[in-house]
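The values are calculated or read from the model by the stated rules, or taken from the named source; none is laboratory data. All figures in this text were calculated on a predicted structure; none of them were measured in a lab. Ideal geometry is used to build each Cβ from the backbone, glycine not excepted, and the neighbour counts take in all protein chains shown. Just so you know, the surface numbers come from the protein's heavy atoms only, side chains and all, with ligands and any DNA or RNA stripped out. Shrake-Rupley method; radii C 1.70, N 1.55, O 1.52, S 1.80 Å.
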2 protein chains.
Amino acid sequence: MTRASSSPALAQTDQRLPLHARVKDDLIRRVRANEWGSTTPLPPESALAEEYGISVGTLRRVLAELAAEGLLERHQGRGTYVRRATFQHSLFRFFRMHGGTGQTPGSRILARNTQDAPAEVAKALNVEESSPVLHLHRLRLWDDTPFLVEDIWLPLPQFQPIANIALDELGSLLYPEYESRIGLIIGSATEELSVTQAPGEQAALLNCQAGDPLVRINRIARTHTGDVAEYRESYGLASSFRYQVEIN
Amino acid sequence: MTRASSSPALAQTDQRLPLHARVKDDLIRRVRANEWGSTTPLPPESALAEEYGISVGTLRRVLAELAAEGLLERHQGRGTYVRRATFQHSLFRFFRMHGGTGQTPGSRILARNTQDAPAEVAKALNVEESSPVLHLHRLRLWDDTPFLVEDIWLPLPQFQPIANIALDELGSLLYPEYESRIGLIIGSATEELSVTQAPGEQAALLNCQAGDPLVRINRIARTHTGDVAEYRESYGLASSFRYQVEIN
DNA sequence: AACAACTAAACCTTTATAGGACTAGACCTA
DNA sequence: TAGGTCTAGTCCTATAAAGGTTTAGTTGTT
């Protein structure tokens, strides 16, 4: 029950906290530091407990909490794994398309260029103003019907590979492309919803009147370590947006 | 480790489930049945464990899960309590008023009458169409500046006391009134956000142009037992609405 | 090559125990 | 009356142990 002698891994953590909290903090740190990919399991309970110099029961409590919070995934008989971000709760899910079931999603990149980061983009990406960024202008569709206009900004030179490849090689989903071409995994994001009125350009693309209300979603996407990797502004028809939340 | 003999309270639960899951289900049922108000504590761990015929460790696991899910609140040295709904996550929180800090919230009831429930309201309240309901038309303000127009429907005769009392006796918050005058506690709610354009009436009240985009929030509020107690439609200026969500 | 049986490794369930920390109220003292 | 001290009651931390279930792979048989 003494807190004097403990594993070196816990040296960095707050000594006033109970053991399980300190172990939890350290495990979060190690997950963020990408110590285990999402395909290699964490060491088994017994090994981790021994490593930290704590009992298996205490370690199990920590792992159960982290699983409940969605950071880890546990499978009886198989092991404990880092959970990939699922984006189950993205606001984008709430654009309800009229069509319904049998439709397929797609995307079309309308423009790709290198820019000096405008103030707003620089602030979101956490880079110097006017530093070079890659800009994508993109349309997202259901069965060739556009429902979302997107502007996406990526810091350079980090994302240079995305600037170089042929446009038709870019898949309809960008995050797998970041992962395969740059080895960068998006771990979390912040989205902000607001309502605007359609300027002429967006109105034409979305097939509505200039001035019609649009929902704007700004997303700042980050890696597991917390570094900002992408900033995007997406516009969709407000009339097809419906967001539900349970409160208590 | 046998599952044959167990507390009578568990007889109703699924015998194939592990003990902790069955106890959890039963505790949820008892909380919903209002067995403990939010001021009287649940029985202590030791008593509950004995009642269910399980060990304290297993019971603690269940209580910890329920606390993590927000159904219970635990206080070392004091006891375990049913948690009152906080509505921390209500969409209303995201109407950002320009003013800022030192302002005070208020509300003004513009109209109160008894109606035959319109189809939409009847469906939301889960009552027969054209059955009698109480309707409130209300303005919510910051420092006398209106920012939200609300229509509220309540089932009769249940809410008759609210129909009878003088309007100036109704406080600025309704849920405490339901609680003190009817003994009805709101336990959860579902909110749905959509965007509309202001009709003339709302525009005048909110001090904007007809046709300006409005955020509409429909809320269905329920008691702990799941019965619908209130339906409301609220309209606010879209330009002052900003909603943030963390995703992973 | 296909299938079944076995086995090791991993997580899961349940109980038990010893001691610690926090809270509210009772009691005592000034 | 005001303020401290004590104490019973309650939840919290940490460990230990015995047995169960699930998975993936290995081995053996046909």
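Points worth noting:
- The residues of the stretch B:87-108 that are at pLDDT 75 or above and in a loop (DSSP other than H, G, I, E, B), listed by number, are B:Phe87, B:Gln88, B:His89, B:Ser90, B:Thr104.
- Options A:Glu73, A:Glu69: the member that is more than 9 Å from DNA strand C (Cβ to nearest atom), closer than 30 Å to A:Val215 by Cα and either outside the structural domain of A:Pro176 (by TED's automatic domain parsing) or of a type in the set (Gly, Ala, Ser) (or both): A:Glu69
- Hits in the stretch A:199-241 - residues which are closer than 16 Å to B:Asn248 by Cβ and among the polar types (S, T, N, Q): A:Thr223, A:Thr225
- Residue check, A:Arg140 open to solvent by 10 Å² or more (accessible area, probe 1.4 Å), within 14 Å of chain B (Cβ to nearest Cβ) and of a type in the set (Lys, Arg): no
- Answer residue from the stretch B:224-241, given it is crowded, with 16+ Cβ neighbours inside 10 Å and farther than 22 Å from B:His137 by Cα and is nearest to the other protein chains (Cβ to nearest Cβ) among those: B:Ser239
- Taking the listed residues A:Ala122, A:Ala111, the one that is open to solvent by less than 70 Å² (accessible area, probe 1.4 Å), more than 14 Å from chain B (Cβ to nearest Cβ), more than 30 Å from B:Leu91 (Cβ to Cβ) and assigned to a helix (DSSP H, G or I) is A:Ala122, with no other qualifying.
- Residue identified as exposed (fewer than 14 other Cβ atoms within 10 Å of the Cβ) and at the interface with chain A (Cβ under 9 Å from one of its Cβ atoms) among B:Gln209, B:Gln244, B:Gln197: B:Gln244
- Filter result for B:Ile162 (surrounded by 15 or more Cβ atoms within 10 Å (Cβ to Cβ), over 19 Å from B:Ser234 (Cα atoms) and in contact with a strand residue (DSSP E or B) (Cβ under 7 Å, 6 or more places away or on another chain)): yes
- Residue selection: A:Thr13 satisfies the criterion of being outside the structural domain of A:Ser194 (by TED's automatic domain parsing), more than 30 Å from A:Arg216 (Cβ to Cβ) and touching a helix residue (DSSP H, G or I) at 6+ places or on another chain (Cβ under 6 Å).
- In the set (1) more than 11 Å from chain A (Cβ to nearest Cβ); (2) in contact with a Lys or Arg (Cβ under 8 Å, 6 or more places away or on another chain); (3) open to solvent by less than 50 Å² (accessible area, probe 1.4 Å), the condition left unmet by B:Gln202 is number (2).
- Only one of the numbered conditions (1) within 22 Å of A:Glu65 (Cα to Cα); (2) open to solvent by less than 60 Å² (accessible area, probe 1.4 Å) is not met by B:Ser38, and that is (1).
- Flag if A:Gly70 is exposed (fewer than 12 other Cβ atoms within 10 Å of the Cβ) and either of a type in the set (Ser, Thr, Tyr) or part of a loop (DSSP other than H, G, I, E, B) (or both): no
- Residue list for the stretch B:33-66, restricted to those being more than 25 Å from B:Ile185 (Cα to Cα), more than 12 Å from DNA strand C (Cβ to nearest atom) and touching a residue at least 40 places away in the same chain (Cβ under 8 Å): B:Glu51
- Only residues that are of a type outside the set (A, V, I, L, M, F, W, C) and open to solvent by 40 Å² or more (accessible area, probe 1.4 Å) were counted across the stretch A:5-28, and they come to 10.
- Pick from the stretch A:73-83, criterion within 14 Å of chain B (Cβ to nearest Cβ) and open to solvent by 50 Å² or more (accessible area, probe 1.4 Å), ranking: modelled with the lowest pLDDT: A:Arg83
- Residue in the stretch B:62-83 that is among the polar types (S, T, N, Q) and within 11 Å of DNA strand D (Cβ to nearest atom) present: yes
- Residue within the stretch A:92-100 that is without any contact (Cβ under 8 Å) to a residue 12 or more places away in the chain, more than 16 Å from DNA strand D (Cβ to nearest atom), out of contact with any strand residue (DSSP E or B) (no Cβ under 8 Å at 6 or more places or on another chain) and open to solvent by 30 Å² or more (accessible area, probe 1.4 Å) present: yes
- When residues in the stretch A:1-46 are screened for being assigned to a helix (DSSP H, G or I) and more than 31 Å from the chain's Cα centre (by Cα), 2 of them pass.
- Put simply, of A:Val31, A:Val62 the only residue that is touching a strand residue (DSSP E or B) at 6+ places or on another chain (Cβ under 7 Å), within 14 Å of chain B (Cβ to nearest Cβ) and β-branched (Val, Ile, Thr) is A:Val31.
- Lone qualifier among B:Thr58, B:Thr86 - being under 30 Å from B:Leu154 (Cα atoms), out of contact with any Gly (no Cβ under 8 Å at 6 or more places or on another chain), of a type outside the set (Phe, Trp, Tyr) and surrounded by fewer than 16 Cβ atoms within 10 Å (Cβ to Cβ): B:Thr86
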